[in-house]
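Take a look at the structure set out below.
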Amino acid sequence: MTPQENTSTNTNPVRILVVDDHPNTATTLARALSQLGSGVNVISASSGHDALEKVKTNGVDILFTDMIMPEMTGLELIEKMQNHPAGRPSYTYLVTAYDVPGLKVTAHRLKVNEVIVKPVRPERICQIATNAIEEMKHSTHPIKQSAVARKKFKILVADDRPDNITLLTRYLEYEGYEHIAARDGLETLDKVRAELPDLVLLDVNMPHKDGFAVLEDIRSDPSVQHIPVIILTAARLDPSDVQSGLNLGADDYVTKPFDRHELMARIRTKLRVKETEDIIRRRNRELNLLPEIGKELSARTDIKDLANILIKRTVETLGAIQGNMIIFDANGGPGQNYQVPLSTESSSGLMTIPKNIIRHIEETHQGLIIADAHNNSLWQLDNHDSNIHSAVISPLFGRMELLGLLVLTHEQVNYFNTDHLLLLQAITSQAAIAIENARLYAITMQEQKRLAAVLKHAAEAILVFDAQGKLSLLNPEGEKLFTDFNANINQVLPHDHGYDAFIHMLDDARTSNGAKSGDITWPDQRTFNALITPIEDGGQVVILHDVTRFKDLEQVKNEFIATASHDLKNPITTIAGFSTLLEQAGPLNPQQKDFVSRIQSATHNMAELVQNMMSLAQMDLDATQKHEAIEMQSLLAEIANEFIPQAKIKNQKLSFSPLEKSAAISGDPLQLRQLMRNLLGNALKYTPNDGAITFKAEASDSQLLVEVQDTGCGIPAADLPFIFNRFYRVRGGRNNEVEGNGLGLAIVKSIVEHHGGQVNVESEIDKGTRFTLLLPLSRLES
Ligand code: ADP
């Protein structure tokens with residue numbers, strides 16, 4: 001029976017062994033047990049040796065043995081059966097007439113399921129067997145099952161005498177051990193290293209290299225130094241040699257000719273110690289794996305790399321034959337996943353993970369042990385790899401979702417146990433963090449590349465300043481701004497090198513912690529439009545757009561308009577003058593009078609347009625900028641008076657609230673007059689007959705407030721944002737009846753800005769409009 005058959009499958013019969021030195025009892029019990037059905041195969045034996053002989057190659061599932069038997073007691077038989085190469089029985093029952101002292105303790109140590117005190121009735125034995133069979137069928141406990149898959153020990157017999165080898169190997173075979181042989185010292189060393197036996201029986205006198213030299217080599221080789229060695233010495237050997245053998249690291253020595261029972265007992269003891277040591281060594285390896293793997297994973301940012309490391313290390317440590325990892329696509333979507341197969345010889349390529357398993361883990365949030373892949377409802381695959389008999393599956397849960405699964409497989413049924421799963425779960429939860437980090441890293445890198453590409457190819461110069469105002473980053477266009485940009489990187493911009501206006505603007509933006517934009521002149525006389533935006537760490541990003549060409553063009557345009565309008569002014573004045581003189585030159589018929597009046601009206605409009613264009617062009621060119629203290633109290637009163645006749649014509653009520661105190665503005669008197677005229681003129685123009693216009697001024701602290709309010713047609717909300725644009729006029733309604741060129745408010749805005757003030761407008765259709773001016777005062781009478 002192979003280990004995988006030694007489980008509760010439906011196809012293989014359950015093997016029951018009954019041992020009793022009273023042949024009648026054995027036969028009666030065997031006969032009763034045979035009644036349990038065709039799924040049961042009962043073997044009876046009359047002694048321990050008989051039993052071992054009968055189950056030499058095939059193990060048993062359930063063992064019933066009598067305690068007191070000649071040659072070998074029931075407990076001795078149980079112990080032997082536990083080392084059976086085909087695996088220990090799943091259930092063991094000891095039958096005894098007396099509860100002798102210490103029996104139960106030993107039985108417990110040997111994991112006997114029950115000590116049955118005589119007399120035994122066949123029905124009771126049948127009941128016990130039925131229960132055991134039932135339990136076996138439903139048993140899924142991984143640890144219990146793993147005990148079934150017991151290791152077969154391999155022993156190397158090193159002796160130059162063939163008859164010694166034959167004798168020793170026969171004994172070993174009888175005990176169920178695997179064995180290999182070596183006939184000289186060198187062959188022994190080679191086989192120790194190549195075959196990694198569980199124990200070495202080492203003769204001292206051997207050709208090429210004697211036993212002590214071989215022992216010395218074994219103990220100094222880290223890969224084999226843990227293998228127990230029993231030295232076989234001749235009786236005549238000097239005791240000091242025995243001592244030196246032990247000093248060299250022999251685990252035991254046996255003198256020839258040896259007693260078979262003694263030798264076997266010593267071998268058993270050494271193997272038991274080795275088995276325990278192996279477990280400790282493996283545990284240590286497993287415990288070390290967690291921090292080691294954590295370190296390895298955190299150092300990696302490539303997911304494929306991560307998966308490979310994870311698979312390789314876990315497969316090695318758990319002794320699995322194959323490992324697979326499935327990592328779901330970050331964008332989700334069923335089936336969009338990729339696997340990383342282990343590149344070992346045992347790997348048969350990509351393994352599919354059954355959908356049921358993925359679903360089960362998503363639902364339970366727990367890993368899973370598949371004890372028998374050929375017989376598991378979750379492990380259903382069309383292309384099932386027949387080499388896979390058991391598996392352990394551990395999930396990789398990220399912060400939000402299941403990122404993937406790690407699956408280790410083995411060709412042996414019941415290979416994996418709960419400890420394996422717990423260890424894997426600890427590892428995969430670390431791996432999940434590493435994978436999420438790797439994904440974030442990939443996204444960050446991608447973003448960084450994208451940003452670098454944008455910066456590299458941007459037509460604008462982009463500069464980044466840190467919270468201390470030091471230039472920390474700039475794109476290639478930005479580098480071109482500085483003749484020696486290396487001198488400026490990580491430095492604040494130097495004063496008195498032509499950057500002062502820019503530095504001032506940066507300081508302003510930093511203090512207000514808001515965005516700022518404006519034109520600056522660079523040391524090389526180019527003009528840039530700078531947009532300064534604050535960034536989170538307290539620094540600033542600046543985009544500099546070269547507007548030199550536009551500035552030049554605007555200059556040319558303004559000069560042209562200024563010259564053209566100036567040149568047009570004279571002919572227009574001439575036309576206006578002569579058209580007035582026409583009436584004085586002689587009587588005109590009614591049609592001629594009509595023509596003259598049309599010429600005069602058109603000339604008036606043209607003069608006004610030319611005057612407005614000239615004013616704007618001059619302001620743009622900064623040509624007329626005067627700075628003198630203008631007394632506003634009198635200026636405002638004069639303007640109000642100017643408009644009284646015009647208001648009277650339309651029967652409008654013009655109320656003026658003068659300034660109560662004298663106050664002065666530093667600026668250009670002509671411009672300020674024009675500003676007030678344009679606002680009052682519009683108020684009268686866009687207010688129908690009989691309407692009311694309020695013109696009032698107030699001075700407070702450092703500001704002059706002027707309000708022009710009317711009860712006119714109002715401005716549609718959709719037009720409000722554009723009314724200060726050049727040539728913009730509201731279309732439709734009563735506006736069409738009013739003449740104008742759309743420059744009046746543009747001039748207002750320009751003058752107000754030239755004087756460092758602000759203009760605002762509020763309006764309601766058919767109710768009226770209010771313009772509010774705020775201008776800084778240079779002096780206020782107290
Ligand atoms: P316009 O020469 O057309 O008056 P403005 O620049 O002075 O040009 O004004 C722009 C537009 O704003 C005008 O066409 C008009 O539609 C609107 N507007 C200006 N002032 C008023 C007002 N007081 N009431 C209603 N609409 C006004």
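Return a yes/no flag: does the range 13-28 have any residue that is acidic (Asp, Glu) and in contact (Cβ under 8 Å) with a residue 60 or more places away in the chain. Yes, some residue in the range 13-28 is acidic (Asp, Glu) and in contact (Cβ under 8 Å) with a residue 60 or more places away in the chain. Apart from one condition, ILE227 fits all of (1) among the aliphatic types (A, V, I, L, M); (2) loosely packed, with under 13 Cβ neighbours inside 10 Å; (3) in contact with a helix residue (DSSP H, G or I) (Cβ under 8 Å, 6 or more places away or on another chain); the exception is (2). So, LEU378, is that one in contact with a strand residue (DSSP E or B) (Cβ under 9 Å, 6 or more places away or on another chain) and modelled with pLDDT under 55 or not? In short, no.
Taking the range 720-737 as the search range and keeping residues that are surrounded by fewer than 20 Cβ atoms within 10 Å (Cβ to Cβ) and near the ligand (Cβ under 7 Å from one of its atoms), which one is farthest from SER655 (Cα to Cα)? Once the filter is applied, the top-ranked residue is TYR728.
Taking the condition touching a Phe, Trp or Tyr at 6+ places or on another chain (Cβ under 6 Å), aliphatic (A, V, I, L, M) and under 29 Å from GLU316 (Cβ atoms), does ALA426 pass? No; evaluated as a whole, the condition is false for this residue. Take the conditions (1) open to solvent by 50 Å² or more (accessible area, probe 1.4 Å); (2) on the phi > 0 side of the Ramachandran plot; GLY586 misses just one of them, which is (1). Checking ILE388, ILE358 one by one, the residue that is open to solvent by 10 Å² or more (accessible area, probe 1.4 Å) and either aliphatic (A, V, I, L, M) or modelled with pLDDT of 85 or more (or both) is ILE358 and no other.
Enumerate the strands (runs of 3 or more DSSP E) found wholly within the range 182-263, keeping only those where 3 or more residues are without any contact (Cβ under 8 Å) to a residue 40 or more places away in the chain.
Filter on the range 182-263 gives 229-234, 252-256.
Residue-by-condition table, conditions (1) modelled with pLDDT of 85 or more; (2) crowded, with 20+ Cβ neighbours inside 10 Å; (3) closer than 19 Å to LYS274 by Cβ:
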| position | (1), (2), (3) |
| --- | --- |
| HIS138 | no, no, no |
| LYS152 | no, no, yes |
| LEU156 | yes, yes, yes |
| ASP160 | yes, no, no |
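When we screen ILE747, ILE751 for residues that are within 28 Å of SER634 (Cβ to Cβ), more than 9 Å from the ligand (Cβ to nearest atom) and not in a strand (DSSP E or B), the only hit is ILE751.
It is to be established whether one or more residues within the range 558-575 are within 30 Å of ASN529 (Cα to Cα), under 60 Å from the mean Cα position of the chain (by Cα) and touching a residue at least 24 places away in the same chain (Cβ under 8 Å). Looking for residues that are within 30 Å of ASN529 (Cα to Cα), under 60 Å from the mean Cα position of the chain (by Cα) and touching a residue at least 24 places away in the same chain (Cβ under 8 Å), one finds at least one in the range 558-575, hence yes. Taken over the range 749-781, the criterion of being over 14 Å from VAL706 (Cβ atoms), among the polar types (S, T, N, Q) and surrounded by fewer than 15 Cβ atoms within 10 Å (Cβ to Cβ) is satisfied by no residue.
Looking at the range 283-305, can you tell me whether even one residue there is in contact (Cβ under 8 Å) with a residue 40 or more places away in the chain, polar (S, T, N, Q) and either in a helix (DSSP H, G or I) or open to solvent by less than 80 Å² (accessible area, probe 1.4 Å) (or both)? For the range 283-305, residues in contact (Cβ under 8 Å) with a residue 40 or more places away in the chain, polar (S, T, N, Q) and either in a helix (DSSP H, G or I) or open to solvent by less than 80 Å² (accessible area, probe 1.4 Å) (or both): present.
In the range 306-318, the residue that is farthest from LEU421 (Cα to Cα) out of those that are touching a residue at least 12 places away in the same chain (Cβ under 8 Å) and either of a type in the set (D, E, K, R) or not in a helix (DSSP H, G or I) (or both) is LYS312. Only one entry in GLU123, GLU53, GLU71, GLU76 is surrounded by fewer than 22 Cβ atoms within 10 Å (Cβ to Cβ), assigned to a loop (DSSP other than H, G, I, E, B) and acidic (Asp, Glu), namely GLU71.
Suppose the filter is of a type in the set (A, V, I, L, M, F, W, C) and within 20 Å of the chain's Cα centre (by Cα); does LEU422 pass it?
no
On the given criteria, is ASN83 within 18 Å of TYR174 (Cβ to Cβ), in contact (Cβ under 8 Å) with a residue 60 or more places away in the chain, out of contact with any Cys (no Cβ under 7 Å at 6 or more places or on another chain) and polar (S, T, N, Q)? Against the criterion (within 18 Å of TYR174 (Cβ to Cβ), in contact (Cβ under 8 Å) with a residue 60 or more places away in the chain, out of contact with any Cys (no Cβ under 7 Å at 6 or more places or on another chain) and polar (S, T, N, Q)), ASN83 qualifies. Among the residues of the range 763-782, those identified as within 57 Å of the chain's Cα centre (by Cα) and away from the ligand (no atom under 11 Å from the Cβ) are THR772, LEU773, LEU774, LEU775, PRO776.
If you take the residues in the range 663-706 that are acidic (Asp, Glu) and open to solvent by 30 Å² or more (accessible area, probe 1.4 Å), which one is nearest to the ligand (Cβ to nearest atom)?
ASP690
Against the list (1) of a type in the set (Asp, Glu); (2) open to solvent by 30 Å² or more (accessible area, probe 1.4 Å); (3) under 60 Å from the mean Cα position of the chain (by Cα), the condition ASP198 fails is (2). Can you tell me how many residues within the range 551-583 are surrounded by 14 or more Cβ atoms within 10 Å (Cβ to Cβ) and touching a strand residue (DSSP E or B) at 6+ places or on another chain (Cβ under 9 Å)? Counting residues in the range 551-583 that are surrounded by 14 or more Cβ atoms within 10 Å (Cβ to Cβ) and touching a strand residue (DSSP E or B) at 6+ places or on another chain (Cβ under 9 Å) gives 1.
If you go through the range 681-716, how many residues are part of a loop (DSSP other than H, G, I, E, B) and in contact (Cβ under 8 Å) with a residue 40 or more places away in the chain?
Residues in the range 681-716 being part of a loop (DSSP other than H, G, I, E, B) and in contact (Cβ under 8 Å) with a residue 40 or more places away in the chain: 13 in total.
Among the candidates GLY740, GLY733, which residue alone is farther than 21 Å from GLU608 by Cβ and either in contact (Cβ under 8 Å) with a residue 40 or more places away in the chain or not hydrophobic (A, V, I, L, M, F, W, C) (or both)?
It is GLY733.
If you check GLY714 against the conditions, is it on the phi > 0 side of the Ramachandran plot, buried (at least 17 other Cβ atoms within 10 Å of the Cβ) and near the ligand (Cβ under 9 Å from one of its atoms)? Spelling it out, GLY714 is indeed on the phi > 0 side of the Ramachandran plot, buried (at least 17 other Cβ atoms within 10 Å of the Cβ) and near the ligand (Cβ under 9 Å from one of its atoms).
Within the range 745-763, none of the residues are under 21 Å from LYS650 (Cα atoms), in contact (Cβ under 8 Å) with a residue 40 or more places away in the chain and not aliphatic (A, V, I, L, M).
The values are calculated or read from the model by the stated rules, or taken from the named source; none is laboratory data. Bear in mind that the values here come from a model prediction, so they are computed numbers and not experimental data. Neighbour counts run over all protein chains shown; Cβ positions are idealised from the backbone, glycine included. With ligands, DNA and RNA removed, areas are computed over all heavy atoms of the protein, side chains included. Shrake-Rupley method; radii C 1.70, N 1.55, O 1.52, S 1.80 Å.
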